[in-house]
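Here, each number is a calculation from the coordinates, and none is a lab measurement. Since this is a predicted model, take the numbers as computed values, not measurements. Please note: Cβ atoms are built from the backbone with ideal geometry, for glycine as well, and neighbour counts cover all protein chains shown.
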């Protein structure tokens, strides 16, 4: 009887101990879930992030540098390195710290050159067409070659062409890009490729490298048109305009932007902090869709760009270089680098009418098919712009130039 009682007692104690273990385990899981829920509700501060990082053994790699330039704030960057406070978890749109650190990295190897481009015609070309492009945008380069960017005689003068490229940032999208671009270069002899990443903020590098190349290999070119691959250019009108000017004199013409203010909004593509540019307005600069310059101006800008601190926005940077050589750019109404907007006062106006494009020089933001179509419409023998539509009153463009008002018939 005693043996049986003793056995029952032992069994009871064992069951009680097991029950306690189960209850403790459940309480532990419950508290862990509560802690996780609280952690999810709490903001991920820098201190908590690094605590969790240590627990999970996560390695965070720094953002890849995107460009190169700025001045007095290198000390600020070095002080940030010595600071004990951890960096933010999310990176800004543009990594200014890397930009400041690499401000002197402004000379990159020319991987594909066209050293004989401007020696094909005696005395050099009258006009050199220069187009900013990306490696992967073969279709845009091809449409330019077949339309407004054709090489040869235009209105009796010699025209040549080059494309400016950098190394693609995402090589996985086009793994055989090197083979393709070298083949394209051998076929057309119009590719200039430099060994820097082709990003938005590296367009300034394209600017300074092209000017240096032009000064060395194409100083015989009388005039230069530089623009984007998504523009339509009426080269005949440009040649007619340039024939009235002397290439040995300074000339810089385009859609000039005055009194533009730096954008301080961090989420903007064009964000510039006050520590990088403290002034309230930019110097006058040309819209990057396209502009003209003479041989004399090209040589002066090439030298000025070596003396001016690099700036992440290439259009503004070139304006700084113009300011350096004390040259005021000329605004021309034939340059529509922000596209053509239909005025509400002229519902009858067809902005894609070839007769409308006939008097313009540059129109920005066109698709590949639109460039091809407009070029063919303008060069059609059936094109007639003598008959005007019957309207009660023709719309006239109105712009103010130095306090006066000019009207332009549409």
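An ellipsoid equivalent to the range 168-208, defined through the eigenvalues of its Cα gyration tensor, has semi-axes of 20, 16, 6 Å when rounded to whole angstrom and sorted largest first.
Measuring max minus min along each principal axis, the C-alpha atoms of the range 240-290 give extents of 45, 19, 14 Å (largest first). Of the three principal axes defined by the Cα atoms of the range 133-266, the extents in descending order read 48, 45, 28 Å. Counting neighbouring beta carbons within 10 Å and listing from fewest to most, the residues 276, 361 come out as 276, 361. Sorted fewest first by neighbouring Cβ atoms within 10 angstrom, 177, 148 come out as 177, 148. How would the range 110-335 be classified by its alpha-carbon gyration tensor: rounded, prolate or oblate, with rounded meaning a/c under 1.5 and the a/b versus b/c comparison settling the rest? Oblate shape, in that a/c is at least 1.5 and b/c is the bigger or equal ratio. Here the range 113-246 carries DSSP beta bridges of which approximately 15% are antiparallel, counting only pairs with both residues inside. What's the whole-number percent of alpha carbon pairs in the range 235-336 lying beyond 20 angstrom? Every Cα pair in the range 235-336 considered, those over 20 Å come to 42 percent. Separation of the range 210-273 and the range 120-187, taken as the distance between their Cα centroids, equals 17 angstrom.
With 10 angstrom as the radius, rank 172, 179 by how many other C-beta atoms surround their C-beta, starting from the fewest. Please list the in-between numbers first.
On the way: 172 6, 179 9.
Listing 172, 179 from fewest to most nearby Cβ atoms yields 172, 179.
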